[in-house]
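The values are calculated or read from the model by the stated rules, or taken from the named source; none is laboratory data. From a predicted model like this one, the values you see are computed outputs, not experimental measurements. Neighbour counts run over all protein chains shown; Cβ positions are idealised from the backbone, glycine included. What goes into the accessible areas is simple: the full protein's heavy atoms, side chains included, and nothing from ligands, DNA or RNA. Shrake-Rupley method; radii C 1.70, N 1.55, O 1.52, S 1.80 Å.
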Amino acid sequence: MKYEMTQRENTSTDLVEKKMNTLGKDETVSNNTFEVLKFFFPHLRKVGRIYPDVIIGKEKIGVSFALGISTVSRGNQSYVKQTLNSVVSRMTLSEEKDSVVIVSVADRNEDYLKSVVDMITKRFKRQLKSGSLEVISIPAFFYPNMLHVKQSTEDSGKLESWRIKQVLDFCFLMLYAQPKAMYYLQLEDDIIAKKMYFTKITDFVHNITSNNWFYIEFSILGFIGKLFKSEDLTDFVRFFLMFYKDKPIDLLLGDIFQVKMCNPGETPEKCAERNKQIRIRYKPSLFQHVGIQSSFPGREQYSKRITLQE
């Protein structure tokens with residue numbers, strides 16, 4: 001599969017596929033990008049350099065916005081093409097130039113990786129060539145052994161493993177994106193972006209008078225549409241990794257606010273007031289959740305489907 005992708009890249013899109021053991025010393029992503037992971041996962045201390053198995057794209061850096069989309073197989077149903085089409089097509093050319101969309105394949109199924117790569121290299125060739133779109137895959141060795149141990153025939157055990165892996169998938173993607181841009185926007189692979197969503201995001205961020213904000217919500221659903229300052233991403237990832245076995249990532253996002261921003265002895269009302277000032281919510285939502293088939297096998301999620309107001 002990787003040989004076929006290499007041939008495709010060489011003959012058409014002039015992309016890049018790299019493996020850990022072939023990296024040079026002058027790579028665009030810092031050697032220390034993923035070093036924080038070794039503190040939390042002892043099994044990674046035996047690994048040399050941690051890096052995605054596959055990188056397809058120009059490894060663009062120095063832009064204003066990085067948009068992260070983590071994707072896994074949903075069986076016979078897939079929304080990633082629809083998601084990516086809305087995210088990419090609803091940017092202007094100048095906005096494309098000042099951003100990079102990163103699709104992270106967090107699935108061990110190589111057939112799924114190949115299907116995503118084939119779809120993107122065929123439908124988004126221009127964006128790949130310009131560097132405004134990248135595809136990476138997370139190496140299997142990244143995940144701790146406890147994920148395998150927790151697998152069981154019980155739905156509760158499978159759900160717990162799925163939630164744990166989802167937190168780790170997001171952490172890996174956030175670390176990869178951090179050196180690339182000033183801001184990082186977290187998306188998922190089963191959403192549709194509203195028309196002019198990117199223009200509205202950039203205008204909103206540039207018009208904020210104070211830089212003292214924690215993160216901005218461009219959607220109220222889960223972890224979708226959360227915008228972070230890239231300089232803060234390592235702190236967020238460290239917190240997520242401390243408690244990745246305990247809660248879903250959207251709940252951990254609320255917890256980190258309580259820990260960092262609520263003073264000891266402060267009343268809940270006082271903390272809630274500060275919450276409104278530094279956890280900024282943009283209205284209306286700029287992203288619609290369209291996925292009915294969850295990434296957790298066999299689960300459907302109608303309750304998260306919302307309609308955007310144009």
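Here residue 94 passes the criteria (1) over 17 Å from the mean Cα position of the chain (by Cα); (2) surrounded by fewer than 18 Cβ atoms within 10 Å (Cβ to Cβ); (3) in contact (Cβ under 8 Å) with a residue 12 or more places away in the chain except the one numbered (3). Of the residues contained in the stretch 65-87, none is found to be open to solvent by less than 20 Å² (accessible area, probe 1.4 Å), on the phi > 0 side of the Ramachandran plot and at pLDDT below 95. Considering every residue within the stretch 171-194, establish whether at least one is farther than 26 Å from residue 84 by Cβ, open to solvent by less than 60 Å² (accessible area, probe 1.4 Å) and out of contact with any Phe, Trp or Tyr (no Cβ under 6 Å at 6 or more places or on another chain). The answer is no, given that none of the residues of the stretch 171-194 is farther than 26 Å from residue 84 by Cβ, open to solvent by less than 60 Å² (accessible area, probe 1.4 Å) and out of contact with any Phe, Trp or Tyr (no Cβ under 6 Å at 6 or more places or on another chain). The C-beta contact set for the stretch 208-233 (first residue within 19 Å of residue 262 (Cα to Cα), second residue open to solvent by 40 Å² or more (accessible area, probe 1.4 Å) and of a type in the set (Lys, Arg), distance under 7 angstrom, 6+ apart or interchain) comprises 214/279; 215/279.
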